[in-house]
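What follows is a short report on a single structure.
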Amino acid sequence: MHAQPGETRTLAQLRADVATGLLQDGITDDTVGVTVSAPSVAITVPVMTLLGHAEEPAILDGYGPIDLETAKNLAGGATSWVRILTHPISGTILDVDRSTYRVPAALRRWLNIRDKVCTFPGCGRLARDCDIDHKAEWQHGGGTSADNTGPLCESHHQVKTETLWRPHTDPETGTTWWISPTAHATDADPPPW
């Protein structure tokens, strides 16, 4: 990029010029010689600040704190949104918009801590070595959330997908049990502590 004839800007300066052009006008300077498609800008705004009950700054990903008015101006021109619900103390991702199937790393870490092992009855495979499964299938309306996901080892993930074994979770207690193809309820093993 910066090897163009007559170009004197450094790579960092070129990147800054492209980012500024995109944020201000949604375009890049044609002389930069860079094609940029569908930029993604992440802004985190505390809900209490949005409601007017706090004055914590918004965070522009990759930059740092910005004032609420700047966050509103950047967000006002957005063509799409991805809502991410985080834990107010730890910042762990608890839920992601319906448009996102992929489980974020922070949610995966939380599930590994919460569940420890594969949630299929009797399986002791560590959660970190498991797939993260959507209990209610994503393509059928299930969300990418802590309540609707959990670790299943590869073989038990396949069992759930290809047979009539189904997990169920009590929304009040978080207790999970499985219903077999013959309608027998089987408790998932409790965490090993």
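The values are calculated or read from the model by the stated rules, or taken from the named source; none is laboratory data. Source: prediction; values computed, not measured. Positions of Cβ are generated from backbone atoms using ideal geometry, with glycine treated the same way; all protein chains shown enter the neighbour counts.
Structure notes:
- Selected residue (only one of 54, 78, 58, 146 is surrounded by 18 or more Cβ atoms within 10 Å (Cβ to Cβ), among the small types (Gly, Ala, Ser) and not assigned by TED's automatic domain parsing to the domain that holds residue 168): 58
- Test: residue in the stretch 154-177 that is at pLDDT 90 or above and under 21 Å from residue 85 (Cα atoms): no
- In summary, residue 155 fulfils each of the numbered conditions (1) assigned to a helix (DSSP H, G or I); (2) exposed (fewer than 11 other Cβ atoms within 10 Å of the Cβ) with the single exception of condition (2).
- Selection within the stretch 125-151 - assigned to a loop (DSSP other than H, G, I, E, B) and either in contact with a Lys or Arg (Cβ under 9 Å, 6 or more places away or on another chain) or under 18 Å from residue 171 (Cα atoms) (or both): 135, 136, 137, 141, 142, 143, 146, 147, 148
- Matching residues in the stretch 103-121 - criterion: being in contact (Cβ under 8 Å) with a residue 60 or more places away in the chain, of a type outside the set (Ser, Thr, Tyr) and in contact with a Ser or Thr (Cβ under 7 Å, 6 or more places away or on another chain): 121
- Residue in the stretch 87-101 that is in contact with a helix residue (DSSP H, G or I) (Cβ under 7 Å, 6 or more places away or on another chain), at pLDDT 75 or above and closer than 30 Å to residue 139 by Cα present: yes
- Whichever residue in the stretch 101-118 is assigned to a loop (DSSP other than H, G, I, E, B) and out of contact with any Phe, Trp or Tyr (no Cβ under 9 Å at 6 or more places or on another chain) and, among such residues, is nearest to residue 169 (Cα to Cα): 118
- Residue 94 falls short on exactly one of the conditions (1) in a strand (DSSP E or B); (2) loosely packed, with under 14 Cβ neighbours inside 10 Å, and that condition is (2).
- Pairs with Cβ under 7 Å, 6+ apart, first in the stretch 71-87 and closer than 22 Å to residue 20 by Cα and assigned to a loop (DSSP other than H, G, I, E, B), second modelled with pLDDT of 75 or more and not polar (S, T, N, Q): none
- Among the candidates 181, 121, 171, residue that is surrounded by fewer than 18 Cβ atoms within 10 Å (Cβ to Cβ), touching a Leu at 6+ places or on another chain (Cβ under 7 Å) and in a loop (DSSP other than H, G, I, E, B): 181
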